[in-house]
Amino acid sequence: MKHLLSIEDLSRDEIEEILDTAVSMHEVQHRDIKKLPTLRGRTIINFFFEDSTRTRSSFELAGKWLSADTINLTGKGTSISKGESLRDTVMTIDAMGVDMMIIRHMASGAPAQIAQWTKCSIVNAGDGTHEHPSQALLDAYTMRNRLGDLEGKHVAMVGDLTHSRVFRSNLLCLRKLGAEVTLVAPPTLLPSGMGPWAQAEDVTVSHDLDAVLPTVDAVMMLRVQRERMSGGFFPTAREYAVTYGLTKERLRLLPDHAVICHPGPMNRGLEISGDAADAAQSLVLDQVSAGVAVRMSILYHLLSGEGTSA
Ligand code: CP
């Protein structure tokens, strides 16, 4: 495996291998010895054209804890501001001899395009509304840790599905791992054509969160991405919170064993209440913690010359 561009490119065995390796990486993360020599001499560029807290810092920590040299670049501060094209920019960085570029970009497909222009490994750290594969892997890791094997488990993904790259990667990942998926969203935030598509993929679509919650093993609340809604937000924020938000009252509908996930950043009071985000069954910070271990595993599999092949 040279690149991580999409969950679509991974087999179930490859996903499970990444998750299994992350278990040992998580042990490293929580012990005194935080650094492994595995990637000594390797150089990784975090190139983020969109803002990030979790993904950028955890990829940087993952690289450092595997002893790679890591450099951070953003769109601002590079010669792109002088008119240099994306192609010339990434070919310039590649020519310096780096081993990997981790790319977040506002355009869907940008990492896949960059992979065609460069020789180094490319990791998609979130591209437009397309995919966020490392997020889906860390979400699967976190849910598997708490619920066991995800085969046959019922996961509901709730929220702004139209704009969510996390949803797209998670849907692919969860289905490959054998989970049953229900999508819950207002019709205005369900990608067009999703209805017939979901039926073909054996995925259930619902507009009734109250009916779905008692049946789940995990509920994943997704952020309402108002920054991607140039035409305004319908329903209104208030209507949305009442109808599709994981409110304090709705927590009572969840089975005792069920867990709550959110990839972050959260809009508290909109898609998730403070009570739900901080509830005992919330895995939000477990997801953050798993992010470092899973990204260490991804870097290991892509750069160590061992592990999965594709
Ligand atoms: N979940 C996620 O991608 O968060 P950041 O935008 O903070 O990286």
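The values are calculated or read from the model by the stated rules, or taken from the named source; none is laboratory data. Remember, it's a predicted structure, so these values are computed and weren't measured experimentally. Don't worry about glycine lacking a Cβ; one is built from the backbone with ideal geometry, like all the others, and counts go over all protein chains shown.
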### Residues of region 1-55 satisfying the condition of being at pLDDT below 95 and of a type in the set (Lys, Arg)
ARG31, LYS34, LYS35
### Query
Which ones in region 73-103 are among the basic types (Lys, Arg) and at pLDDT below 95?
LYS76, LYS82
### Query
Just checking, which of THR43, THR38 is surrounded by fewer than 20 Cβ atoms within 10 Å (Cβ to Cβ), under 23 Å from SER289 (Cβ atoms) and away from the ligand (no atom under 16 Å from the Cβ)?
THR38
### Some residue of region 54-62 being farther than 27 Å from ARG12 by Cβ, assigned by TED's automatic domain parsing to the domain that holds LYS34, crowded, with 18+ Cβ neighbours inside 10 Å and touching a strand residue (DSSP E or B) at 6+ places or on another chain (Cβ under 7 Å)
yes
### Query
Can you find a residue in region 260-281 that is within 14 Å of the ligand (Cβ to nearest atom), of a type in the set (D, E, K, R) and surrounded by 15 or more Cβ atoms within 10 Å (Cβ to Cβ)?
yes
### Task
Taking the options THR236, THR182, THR215, THR204, name whichever one is at pLDDT 80 or above, loosely packed, with under 12 Cβ neighbours inside 10 Å and hydroxyl-bearing (Ser, Thr, Tyr).
THR236
### Query
Across region 114-147, which residue is nearest to the ligand (Cβ to nearest atom) among those that are of a type outside the set (Ser, Thr, Tyr) and part of a loop (DSSP other than H, G, I, E, B)?
HIS132
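How many residues does region 103-113 contain that are in a helix (DSSP H, G or I) and within 15 Å of the ligand (Cβ to nearest atom)? Steps first, answer last, please.
Taking region 103-113 and keeping what is in a helix (DSSP H, G or I), we get 110-113.
From what is left, the residues that are within 15 Å of the ligand (Cβ to nearest atom) are 111.
Qualifying residue count for the region: 1.
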### Query
Is it true that ASP256 is of a type in the set (D, E, K, R) and in contact with a Lys or Arg (Cβ under 8 Å, 6 or more places away or on another chain)?
no
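Would you say PHE59 is within 16 Å of the ligand (Cβ to nearest atom), touching a helix residue (DSSP H, G or I) at 6+ places or on another chain (Cβ under 8 Å) and touching a residue at least 60 places away in the same chain (Cβ under 8 Å)? So that I can check it myself, show each step before the final result.
Working: within 16 Å of the ligand (Cβ to nearest atom): yes; touching a helix residue (DSSP H, G or I) at 6+ places or on another chain (Cβ under 8 Å): yes; touching a residue at least 60 places away in the same chain (Cβ under 8 Å): yes.
Yes, satisfied.
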#### Entry: Any hit, region 74-87, residues being at negative phi and surrounded by 21 or more Cβ atoms within 10 Å (Cβ to Cβ)
no
